[in-house]
There are 2 protein chains.
Amino acid sequence: MADHNRVVTNSMDAMLFLTDDQLLQGIELMYFAYKGFTSDPDLILQNYSYGRAHHRAVHFINRRKGLKVNDLLDILGITKQSLNRVLRQLIDDGLVESRVGQLDKRERNLFLTEEGKELERQLSDAQRKRMRAAYRAAGSDAVQGFRLVLEKIMDVETRNRITQDKE
Amino acid sequence: MADHNRVVTNSMDAMLFLTDDQLLQGIELMYFAYKGFTSDPDLILQNYSYGRAHHRAVHFINRRKGLKVNDLLDILGITKQSLNRVLRQLIDDGLVESRVGQLDKRERNLFLTEEGKELERQLSDAQRKRMRAAYRAAGSDAVQGFRLVLEKIMDVETRNRITQDKE
DNA sequence: TTATAAAGTCAATAATACTGACATATATTA
DNA sequence: TAATATATGTCAGTATTATTGACTTTATAA
């Protein structure tokens with residue numbers, strides 16, 4: 001029975017019928033989930049008088065250690081001037097270190113300091129906790145589906161950049 | 001084999017092992033997907049000199065026709081003063097109609113005008129198109145998993161409010 | 001040497017949110 | 001009925017995050 005269902009399901013995929021209402025429900029789900037998803041970090045950031053922009057910078061500097069300012073700009077899709085305000089604060093506050101590039105001295109490689117890592121840990125702990133609970137509650141099959149759909153929702157250029165960066 | 005795998009997978013769910021890196025990948029996925037998800041409407045809104053706040057208002061007024069101002073405040077989780085700016089514009093521009101409540105005349109029931117429906121259609125067409133493409137590419141099993149995980153990511157109070165509202 | 005590139009900065013502006021203080025109309029309660 | 005509470009709306013001031021445009025400094029490349 002499982003096998004039979006699987007075959008039927010797969011052959012249905014090509015003509016998956018989706019009402020506008022079902023799609024709108026998915027859209028709302030994204031909205032509400034994203035809201036919950038950002039709520040825990042938002043609370044923590046208040047203690048530092050930082051905002052989401054700081055979180056994003058800290059997150060990506062942690063994930064791609066030593067990345068260049070330009071890389072960060074590409075990832076975030078904001079202007080140099082917007083990033084500068086945030087980065088300036090993080091550097092002045094001693095959470096981020098900006099090292100002159102070894103090959104090209106115009107470049108700056110960004111790293112988290114110990115203090116920066118501590119904030120990152122706090123933020124990602126909260127977010128991971130929520131993700132882990134959701135993953136566990138939904139089950140591993142659901143997680144695969146979740147990841148697959150999210151990947152397809154992204155802009156193609158974004159998807160290519162992310163996946164090519166992965167080693 | 002399918003049945004055997006299913007059993008193994010389900011029994012694994014309780015102890016689903018997730019590395020911090022896997023969870024961080026999920027977190028990034030949410031970030032990038034949400035970004036893509038809002039990019040199409042953002043372009044359309046520029047033509048109207050509106051922002052995401054207007055989109056959200058229009059979306060929920062369409063989805064819950066005749067909802068009260070207080071209902072909308074609850075859903076959006078913003079202050080009366082923040083909503084007012086947006087709602088004032090939409091009403092003045094003739095996209096939203098505010099009708100005095102029939103039972104309680106203090107209340108105002110919100111509706112989209114024909115013009116408002118036209119904007120809603122434009123915005124949701126773009127977003128539905130992206131969702132439909134993602135759903136089709138991922139397959140119906142994946143869609144189920146996607147929805148399930150998103151529901152679990154939401155705040156419990158949000159989830160209860162959403163699901164109870166559904167008839 | 002001149003042009004290009006990476007990073008940083010200053011200034012002005014916009015969208016979205018916030019808090020606090022009040023006003024108005026209507027409903028509910030004492 | 002009089003006092004209180006509720007739903008909505010508004011004014012003013014402030015903060016965060018983003019924008020555009022103009023420029024500078026330093027370093028690499030043509």
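Some observations on this one:
- Test: residue in region A:136-150 that is under 21 Å from A:Pro41 (Cβ atoms) and hydroxyl-bearing (Ser, Thr, Tyr): no
- Pairs where the first residue, in region A:98-120, is away from chain B (no Cβ under 14 Å) and in contact (Cβ under 8 Å) with a residue 12 or more places away in the chain and the second is within 10 Å of DNA strand C (Cβ to nearest atom) and among the acidic types (Asp, Glu), C-beta under 8 Å, 6+ apart: A:Gly101/A:Glu107
- Of residues in region A:44-91 being within 13 Å of another protein chain (Cβ to nearest Cβ) and near DNA strand D (Cβ under 9 Å from one of its atoms), the one farthest from the chain's Cα centre (by Cα): A:Ile78
- Listed by first and then second residue, the pairs linking a residue in region A:27-43 that is under 14 Å from A:Lys129 (Cα atoms) and at the interface with chain B (Cβ under 7 Å from one of its Cβ atoms) to a residue that is of a type outside the set (Ser, Thr, Tyr) and buried (at least 19 other Cβ atoms within 10 Å of the Cβ), with Cβ atoms under 6 Å apart and 6 or more places separating them unless they lie on different chains, are A:Gly36/B:Ile153; A:Gly36/B:Met154; A:Phe37/B:Met30; A:Phe37/B:Ile153.
- Tally of residues being of a type in the set (A, V, I, L, M, F, W, C) and out of contact with any Leu (no Cβ under 6 Å at 6 or more places or on another chain) across region B:96-109: 2
- Residue match in region B:122-135 (condition: in contact (Cβ under 8 Å) with a residue 12 or more places away in the chain, part of a helix (DSSP H, G or I) and away from every other protein chain (no Cβ under 14 Å)): no
- Any hit, region A:61-72, residues being touching a helix residue (DSSP H, G or I) at 6+ places or on another chain (Cβ under 8 Å), under 30 Å from B:Arg161 (Cα atoms) and without any contact (Cβ under 8 Å) to a residue 40 or more places away in the chain: no
- Wholly within region A:1-74, helices (runs of 4 or more DSSP H) carrying at least 1 residues that are modelled with pLDDT under 95 and more than 18 Å from A:Ser124 (Cβ to Cβ): A:2-13, A:20-48
- When region B:81-104 is filtered for residues that are within 11 Å of DNA strand C (Cβ to nearest atom) and part of a helix (DSSP H, G or I), the ones remaining, listed by number, are B:Gln81, B:Ser82, B:Leu83, B:Asn84, B:Arg85, B:Val86, B:Leu87, B:Gln89, B:Leu90.
- Yes/no for A:Phe146 being under 20 Å from the mean Cα position of the chain (by Cα), within 16 Å of DNA strand C (Cβ to nearest atom) and not polar (S, T, N, Q): no
- A:Arg99 vs. criteria among the charged types (D, E, K, R), within 14 Å of DNA strand D (Cβ to nearest atom), surrounded by fewer than 17 Cβ atoms within 10 Å (Cβ to Cβ) and at pLDDT below 95: no
- Odd one out for A:Ile78, checked against (1) within 16 Å of DNA strand C (Cβ to nearest atom); (2) touching a residue at least 60 places away in the same chain (Cβ under 8 Å); (3) of a type outside the set (Phe, Trp, Tyr): (2)
- The residues listed here are B:Thr113, B:Thr79, B:Thr38; of these, the one that is more than 27 Å from A:Met154 (Cα to Cα), surrounded by 15 or more Cβ atoms within 10 Å (Cβ to Cβ) and hydroxyl-bearing (Ser, Thr, Tyr) is B:Thr113.
The values are calculated or read from the model by the stated rules, or taken from the named source; none is laboratory data. A quick note: this is a predicted structure, and the numbers were derived from the prediction, not measured. Here Cβ is always computed from backbone atoms with ideal geometry, including for glycine, and neighbour counts include all displayed protein chains.
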